[in-house]
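S.K.: For reference, the structure I am asking about is given below.
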Amino acid sequence: GEFRGYVEPSGLPGAAKLVPRSFKVAKNGDLYILDIFSANVVVLDAGDKFLKNIPFPKQYGFISDLAVDFKESVLLIDSVESVVYAAPADAKKFSPLTQSMKETVFFPTSITTDKKGIIYVVDQNGGDIVIIGQDGSFQGRLLAMGWKEGLLRYPSQCCISKEGEFFVADRSNNRVQIYKIAD
């Protein structure tokens, strides 16, 4: 709830330039940065010291967001190819978790997980939330496109609080919607 300071990475290999697109803080305090300049996920400890890089997959369109699940696996969402990639906690590379979902997901932009490991993907152009299992299987959809309360119009991001509140940035409706995830 209060400003703690700036992130000042130390010990970065190679060119010490980061261009962050997104970031997540793991339960242990490690910081995962989606660096579109180096095409890596850069991992820093709680003291901003470099721990490791995980390079983006070899073939990708545009990686727009990342998530870190309860097992500390890193997940990436590719907006162009509509694929979720995963790297287990000690992995050095990403592998596809899903096949291309272009037939059912129009433009995924954001990804998050809940405490059970269920994956939620914001489908911006579809106007809904896609649910994916830990094994990469399609589990269903939440919400729908529209202007009324409870409907989405070009959502852009989502996140889940420790209390199980699901926040969605509902861009074209100019609001943030909050839902409670059932236990």
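The values are calculated or read from the model by the stated rules, or taken from the named source; none is laboratory data. Owing to the predicted nature of the structure, the values given are computational and were not obtained by experimental measurement. Here Cβ is always computed from backbone atoms with ideal geometry, including for glycine, and neighbour counts include all displayed protein chains. Calculation scope for accessible area: heavy atoms of the full protein, side chains included, ligands and nucleic acids excluded. Shrake-Rupley method; radii C 1.70, N 1.55, O 1.52, S 1.80 Å.
S.K.: State which residue is modelled with the lowest pLDDT when the search covers only the stretch 40-59 and only residues that are among the hydrophobic types (A, V, I, L, M, F, W, C) and part of a loop (DSSP other than H, G, I, E, B). Spell out how you get there, then give the answer.
M.R.: Filtering the stretch 40-59 for residues among the hydrophobic types (A, V, I, L, M, F, W, C) gives 41-44, 46, 50-51, 54, 56.
In the following step, the residues that additionally are part of a loop (DSSP other than H, G, I, E, B) were identified as 46, 56.
Values: Ala46: 92, Phe56: 98.
It comes out as Ala46.
S.K.: Specify the residue that is most open to solvent (accessible area, probe 1.4 Å); the eligible residues are those in the stretch 60-95 that are under 17 Å from Gly136 (Cβ atoms), part of a loop (DSSP other than H, G, I, E, B) and among the polar types (S, T, N, Q).
M.R.: Step by step, filter the stretch 60-95, then rank; the result is Ser73.
S.K.: State all residues of the stretch 1-45 that are of a type in the set (Asp, Glu) and buried (at least 16 other Cβ atoms within 10 Å of the Cβ); if no residue qualifies, say none. I'd like the intermediate steps shown before the answer.
M.R.: At the first step, the residues of the stretch 1-45 found to be of a type in the set (Asp, Glu) are 2, 8, 30, 35, 45.
Result: Asp30, Asp35.
S.K.: Then there is this: Go through the stretch 110-129 and report how many residues are open to solvent by less than 10 Å² (accessible area, probe 1.4 Å), modelled with pLDDT of 95 or more and under 19 Å from Lys24 (Cβ atoms).
M.R.: Total satisfying the criteria: 6.
S.K.: While we're on this one: Only one residue in Ser79, Ser156, Ser73, Ser100 is farther than 20 Å from Lys58 by Cβ and either of a type in the set (S, T, N, Q) or in contact with a Gly (Cβ under 6 Å, 6 or more places away or on another chain) (or both). Which one? Give the steps one after another, and end with the answer.
M.R.: Working: Ser79 fails: farther than 20 Å from Lys58 by Cβ; Ser73 fails: farther than 20 Å from Lys58 by Cβ; Ser100 fails: farther than 20 Å from Lys58 by Cβ.
Step by step, each of Ser79, Ser156, Ser73, Ser100 is checked, and only Ser156 is farther than 20 Å from Lys58 by Cβ and either of a type in the set (S, T, N, Q) or in contact with a Gly (Cβ under 6 Å, 6 or more places away or on another chain) (or both).
S.K.: Let me ask something else. Would you mention how many residues in the stretch 53-110 are farther than 25 Å from Arg171 by Cα and among the aliphatic types (A, V, I, L, M)?
M.R.: Here the count works out to 7.
S.K.: Of all residues in the stretch 149-169, which are under 15 Å from Phe70 (Cβ atoms) and of a type outside the set (A, V, I, L, M, F, W, C)?
M.R.: Ser161, Lys162, Gly164
S.K.: Phe37 passes all but one of (1) in contact (Cβ under 8 Å) with a residue 40 or more places away in the chain; (2) part of a loop (DSSP other than H, G, I, E, B); (3) not charged (D, E, K, R); which number fails?
M.R.: Just one mismatch for Phe37, condition (1).
S.K.: Here is a follow-up. Given the conditions (1) within 22 Å of Lys71 (Cβ to Cβ); (2) not in a loop (DSSP other than H, G, I, E, B), which single one is not true for Gln177?
M.R.: Result: Gln177 fails condition (1) only.
S.K.: Now for a different question. Condition first: of a type in the set (A, V, I, L, M), modelled with pLDDT of 95 or more and out of contact with any Ser or Thr (no Cβ under 6 Å at 6 or more places or on another chain). Can you find one or more residues in the stretch 1-22 that meet it? Reasoning before the result, please.
M.R.: First, the residues of the stretch 1-22 that are of a type in the set (A, V, I, L, M): 7, 12, 15-16, 18-19.
Checking which are modelled with pLDDT of 95 or more leaves us with none.
Looking through the stretch 1-22, none of the residues is of a type in the set (A, V, I, L, M), modelled with pLDDT of 95 or more and out of contact with any Ser or Thr (no Cβ under 6 Å at 6 or more places or on another chain).
S.K.: Name every residue in the stretch 14-39 that is more than 20 Å from Thr109 (Cβ to Cβ) and either in contact with a Gly (Cβ under 8 Å, 6 or more places away or on another chain) or of a type in the set (Phe, Trp, Tyr) (or both), in order of residue number.
M.R.: Ser38
S.K.: Being surrounded by fewer than 18 Cβ atoms within 10 Å (Cβ to Cβ), more than 20 Å from Cys159 (Cα to Cα) and not basic (Lys, Arg) narrows it down to one residue among Phe50, Phe56; which is it? Break it down into steps so the answer makes sense when it comes.
M.R.: Working: Phe56 fails: surrounded by fewer than 18 Cβ atoms within 10 Å (Cβ to Cβ).
When all the criteria are applied, what remains is Phe50.
S.K.: Now, a different point. With the structure loaded, tell me whether Ile63 is closer than 22 Å to Tyr179 by Cα, at pLDDT 95 or above and within 14 Å of the chain's Cα centre (by Cα) or whether it fails that test. Steps first, answer last, please.
M.R.: Details: closer than 22 Å to Tyr179 by Cα: no; at pLDDT 95 or above: yes; within 14 Å of the chain's Cα centre (by Cα): yes.
Considered against the rule, which asks whether it is closer than 22 Å to Tyr179 by Cα, at pLDDT 95 or above and within 14 Å of the chain's Cα centre (by Cα), Ile63 comes out as no.
S.K.: I'd like the residue in the stretch 151-169 that is open to solvent by 20 Å² or more (accessible area, probe 1.4 Å) and assigned to a loop (DSSP other than H, G, I, E, B) and, out of all such residues, is farthest from Val80 (Cα to Cα).
M.R.: Going residue by residue through the stretch 151-169, those that are open to solvent by 20 Å² or more (accessible area, probe 1.4 Å) are 151, 153-154, 156-157, 159-163, 165, 167, 169.
With assigned to a loop (DSSP other than H, G, I, E, B) added as a condition, the list becomes 151, 153-154, 161-163.
Details: Leu151: 24, Arg153: 20, Tyr154: 16, Ser161: 28, Lys162: 30, Glu163: 32 Å.
Among residues in the stretch 151-169 that are open to solvent by 20 Å² or more (accessible area, probe 1.4 Å) and assigned to a loop (DSSP other than H, G, I, E, B), the one farthest from Val80 (Cα to Cα) is Glu163.
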